[in-house]
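Novice: Let me begin by handing over the structure; questions about it come next.
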Amino acid sequence: CYQQQQFFCLQSPVPSTYKMAVGKNKRKPRKGNKKKIVDPFSRKDWYDIKAPSIFKNTDVGKTPVNQTVGKILSADNLKGRVFRVSLADLNKDEDRAYRTIHLIAEDIQGKTILTNFHSMSFTSDRVKSLVKKWQSLIEAQSEIKTTDGYVVRMFAIGFTKRRPNQNKVTSYAQSSQAKQIRKKMVEIMERESSNCDLRQLFLKFVPETIGKMIENECQGIYPLKDCYIRKAKILRRPKFDAYKLAELHTETTHTEEVGTPVVVEETQQ
């Protein structure tokens, strides 16, 4: 029996290599399934951004959007898009670089986006540079409604300063004085904003008209400096009017031509 088992083992040796079934190795890449790499910007259109005509530079830049596919229009994806632009680029004045204007896309004409005002804000580095020690920071906010139906929330900021010939190091305002200044800020913001439209309101932000009024009218309570409207955002808008938007982009400031005075020579009799 032992000889028969030994003979069987010699007649049927164990194979040294094994062959795996085809398709069982998951690490082996399959042929013919490579995806073509497509540039995503090849399927996009570029549109020109147009700012309102109150600024010197109305060409803001360009923005991409997906091309029209079926019922999904590219214009629908653009409406409501908000663009953040520095006032230094809009008015070509580097001294106003700390103020940022936000524009919202409201209408599409061809390859041009007509924008409207959305909000205004200060850069964070500008606000931080104004805050210093030995003085009081006073802030106020107010919601106003313009004549064309926009509801705008405005934020004012101001700082106390040293009186002339003051020997004291600090210039802190009392709580009662801060309350009076805050009330005065709200009155000036409501007075200067409720009697104008949105375009005229944003025109007042550029030369700091409202901030200078706050500084002058609060001198009797406590001397102030660095008074600004640091932020303004639109809370509610009226129904979209394409005619008013077209006026905002076509209206320009015209200066009246004044002729030279005529000198009448008196004739000798």
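Novice: Checking residue 148 against (1) over 22 Å from residue 100 (Cα atoms); (2) out of contact with any Asp or Glu (no Cβ under 7 Å at 6 or more places or on another chain), which test does it fail?
Specialist: (2)
Novice: Determine if segment 199-211 includes at least one residue that is of a type in the set (Asp, Glu) and touching a Lys or Arg at 6+ places or on another chain (Cβ under 6 Å). Even if it seems obvious, please write down each step before you answer.
Specialist: Filtering segment 199-211 for residues of a type in the set (Asp, Glu) gives 208.
Pick out the ones that are also touching a Lys or Arg at 6+ places or on another chain (Cβ under 6 Å) and you get none.
Scanning segment 199-211, I find no residue that is of a type in the set (Asp, Glu) and touching a Lys or Arg at 6+ places or on another chain (Cβ under 6 Å), so the answer is no.
Novice: Would you pick out the residues in segment 123-135 that are part of a loop (DSSP other than H, G, I, E, B) and either surrounded by 11 or more Cβ atoms within 10 Å (Cβ to Cβ) or touching a helix residue (DSSP H, G or I) at 6+ places or on another chain (Cβ under 7 Å) (or both)? It would help to see each step written out before you state the result.
Specialist: Within segment 123-135, the first condition is being part of a loop (DSSP other than H, G, I, E, B), and the residues that meet it are 123, 131-134.
123, 131, 134 - these are the residues of segment 123-135 that are part of a loop (DSSP other than H, G, I, E, B) and either surrounded by 11 or more Cβ atoms within 10 Å (Cβ to Cβ) or touching a helix residue (DSSP H, G or I) at 6+ places or on another chain (Cβ under 7 Å) (or both).
Novice: Looking at segment 74-95 only, could you name the residues that are touching a residue at least 12 places away in the same chain (Cβ under 8 Å) and surrounded by fewer than 18 Cβ atoms within 10 Å (Cβ to Cβ)? Spell out the reasoning first.
Specialist: Step one: of segment 74-95, the residues touching a residue at least 12 places away in the same chain (Cβ under 8 Å) are 74-75, 77-87, 89-92.
The answer is 74, 75, 77, 79, 80, 81, 82, 83, 84, 86, 91, 92.
Novice: Answer yes or no as to whether residue 71 is within 30 Å of residue 129 (Cα to Cα), open to solvent by 30 Å² or more (accessible area, probe 1.4 Å) and charged (D, E, K, R). Even if it seems obvious, please write down each step before you answer.
Specialist: Numbers: within 30 Å of residue 129 (Cα to Cα): no; open to solvent by 30 Å² or more (accessible area, probe 1.4 Å): yes; charged (D, E, K, R): yes.
No.
Novice: Which of the helices (runs of 4 or more DSSP H) contained wholly in segment 136-251 include at least 2 residues that are touching a residue at least 40 places away in the same chain (Cβ under 8 Å), open to solvent by less than 60 Å² (accessible area, probe 1.4 Å) and among the β-branched types (Val, Ile, Thr)? So that I can check it myself, show each step before the final result.
Specialist: Numbers: elements: 175-193, 198-205, 209-217, 242-250.
Once the helices (runs of 4 or more DSSP H) in segment 136-251 are filtered for at least 2 residues that are touching a residue at least 40 places away in the same chain (Cβ under 8 Å), open to solvent by less than 60 Å² (accessible area, probe 1.4 Å) and among the β-branched types (Val, Ile, Thr), what remains is 175-193, 209-217.
The values are calculated or read from the model by the stated rules, or taken from the named source; none is laboratory data. Values in this document were obtained by computation on a predicted structure and should not be read as measured data. Here Cβ is always computed from backbone atoms with ideal geometry, including for glycine, and neighbour counts include all displayed protein chains. Surface accessibility is based on the protein's heavy atoms, side chains included, excluding ligands, DNA and RNA. Shrake-Rupley method; radii C 1.70, N 1.55, O 1.52, S 1.80 Å.
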